[in-house]
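Novice: Okay, handing you the structure first.
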Amino acid sequence: MKLKYSIVLIFVAFSAAYYSISFDGYNIDKSFLSVSTFLFAIFSGFFIARQGSRYSSIREKVASFDGDMQSIYRAFGHFGNEAQKKEAEIIKEHYQPILESKEWDYYFTHKTSTVVNTTKLLEEVAGGKNLTSLENAALGRIGIGLHDAQINRKHLVALHQERIPKSQWVLTVILAAILLLTLSAITSQGLIIASMIKGAFATAVIAVILLLLQLDKLKLFEGMIGQSSAQDVLDIIEGKK
């Protein structure tokens, strides 16, 4: 279910509960509401900012890696159609499992031989041969592309591991629970406006948790991160662009 529909359902559920159920029996000191709100805002804001920065960095590195693959493919064209076709198969073998599984980090959990196979192909088409100036330039471009691709992959591995630790998740959930309990203690039974305001406040707290979860899993936007970039590389190889 899409996040926006989930938020609407959560709002309706909270508002209905606050309107029909009395929570006055909790008799919680309202000062807890201010303290928990302050702490929750600080911690969740920090985590969202950090994970948002991580998301942007990963997206940039993925696009850079895809750009390296595209550049390498075009450079192999200077060694003949046969060499370029072989490189196209290597690149397809790299991207197809990613797009099929819809896991941008597929090759962090599975073995990859893309760089190794490209290097072997390069040795096959250029090793020990007298190259033209154009072929030498293409050889340099491929070498730089392979170098940059490996660096980008190392950056992606590091960024992939920078998820929110369990201890920080526990802290965030505890603060959210305290916030919801103290909010519930405010009288609203039978009051439509008060119930809707409390429902909106509670929904916002849940929405922050869901946002953090999606950022942590790198699923903030619809589709897989880097999906359009990966598809663009395959479209170029297949002559669609």
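The values are calculated or read from the model by the stated rules, or taken from the named source; none is laboratory data. Since we're looking at a predicted model, the values are computed, not measured. Note that each Cβ is placed from the backbone with ideal geometry, even for glycine, and that neighbours are counted across all protein chains shown. Remember, those area values only see protein heavy atoms, side chains included, never the ligands or the DNA or RNA. Shrake-Rupley method; radii C 1.70, N 1.55, O 1.52, S 1.80 Å.
Novice: Straight-line reach from Lys85: which aspartates and glutamates have a Cα under 19 Å away, not including same-chain ones fewer than 8 places off?
Specialist: Reachable aspartates and glutamates: Asp66, Asp68, Glu93, Glu123, Glu124, Glu135, Asp232, Asp235, Glu238.
Novice: Report the trypsin sites (Lys or Arg not before Pro) located in the stretch 74-106 that are in a DSSP loop and have at most 14 other Cβ atoms inside 10 Å of their Cβ, or state none. Before the final figure, lay out the partial values.
Specialist: Numbers: sites: Arg74, Lys85, Lys86, Lys92, Lys102; in loops: Lys102.
Within the stretch 74-106, the qualifying trypsin sites (Lys or Arg not before Pro) (loop, at most 14 other Cβ atoms within 10 Å) are Lys102.
Novice: Further question: Could you tell me the calculated FRET efficiency between Arg50 and Ala137, based on Cβ-Cβ distance and R0 = 25 angstrom, to the nearest 0.05? Provide the component values of the computation, followed by the final result.
Specialist: Details: r = 42 Å, r/R0 = 1.67.
Calculated value: 0.05.
Novice: Just tell me the longest site-free run in the chain, where the sites are GluC sites (Glu not before Pro) in a DSSP loop having at most 16 other beta-carbon atoms within 10 Å. Show your work: numbers first, answer last.
Specialist: Values: sites that count: Glu103, Glu162, Glu222, Glu238.
Of all site-free stretches, the longest is 1-102.
Novice: What residue among Ser229, Ser133, Ser188 shows peak mean-square fluctuation when the chain is described by a Gaussian network model with Cα springs under 10 Å?
Specialist: Of the options given, Ser133 has the highest mean-square fluctuation.
Novice: Just flag the trypsin sites (Lys or Arg not before Pro) in the stretch 127-167 sitting in loop per DSSP whose Cβ has no more than 10 other Cβ atoms within 10 Å.
Specialist: On the way: sites: Lys129, Arg141, Arg153, Lys154, Arg163, Lys166; in loops: Lys129, Arg163.
Counting only loop positions with at most 10 other Cβ atoms within 10 Å, the trypsin sites (Lys or Arg not before Pro) in the stretch 127-167 are Lys129.
Novice: Counting alpha carbon pairs within less than 8 Å and at least 6 residues apart, what relative contact order, in whole percent, applies to the chain? List each step's numbers first, then the result.
Specialist: Details: 210 pairs, mean separation 108.7, N = 241.
After rounding, I find 45 percent.
Novice: Work out, in µm²/s and without decimals, the Stokes-Einstein translational diffusion coefficient of the stretch 107-207 at 4 °C, 1.567 mPa s, Rh from Kirkwood over C-alpha pairs. Could the numbers behind the result be given before it?
Specialist: Details: Rh = 19.4 Å.
This corresponds to a translational diffusion coefficient of 67 µm²/s.
Novice: To the nearest 10 degrees, how steeply does helix 114-126 sit against the main Cα axis of the chain, on a 0 to 90 scale?
Specialist: Approximately 20 degrees, to the nearest ten.
Novice: Using just the C-alpha positions of the chain as equal point scatterers, what log10 of I(q)/I(0) does the Debye formula give at each q in 0.14, 0.16 1/Å?
Specialist: Scattering profile of the chain, log10 relative to I(0): -0.91, -1.08.
Novice: Take the cross-link list Lys102/Lys129; Lys61/Lys198; Lys102/Lys198; Lys111/Lys217; Lys129/Lys154; Lys166/Lys219 and give me the ones stretching past 30 Å between alpha-carbons.
Specialist: On the way: Lys102/Lys129 41 Å; Lys61/Lys198 41 Å; Lys102/Lys198 38 Å; Lys111/Lys217 21 Å; Lys129/Lys154 32 Å; Lys166/Lys219 19 Å.
Among Lys102/Lys129; Lys61/Lys198; Lys102/Lys198; Lys111/Lys217; Lys129/Lys154; Lys166/Lys219, the Cα-Cα distance tops 30 Å for Lys102/Lys129; Lys61/Lys198; Lys102/Lys198; Lys129/Lys154.
Novice: Right, next: For the stretch 61-128, how big is the tail of P(r) above 17 Å, as a whole percent of Cα pairs? Spell out each step's value before the answer.
Specialist: On the way: 970 of 2278 pairs.
It works out to 43 percent of all Cα pairs.
Novice: If you line up the long axis of helix 227-237 against the longest principal axis of the chain, both from Cα atoms, how many degrees apart are they, to the nearest 10?
Specialist: 20 degrees
Novice: Excluding ligands, DNA and RNA, what is the solvent-accessible area per residue of the stretch 12-119 at a probe of 1.4 Å, expressed in Å²?
Specialist: Details: 5880 Å² over 108 residues.
Heavy-atom SASA per residue in the stretch 12-119 reads 54 Å².
Novice: Mind checking the full-extension length gain between Trp169 and Leu9? Use 0.36 nm per residue of separation minus the Cα-Cα distance, one decimal, nm. Kindly include the intermediate steps, with their values, before the conclusion.
Specialist: Details: separation 160, 0.36 × 160 = 57.60 nm, distance 2.38 nm.
Gain on extension, Trp169 to Leu9, equals 55.2 nm.
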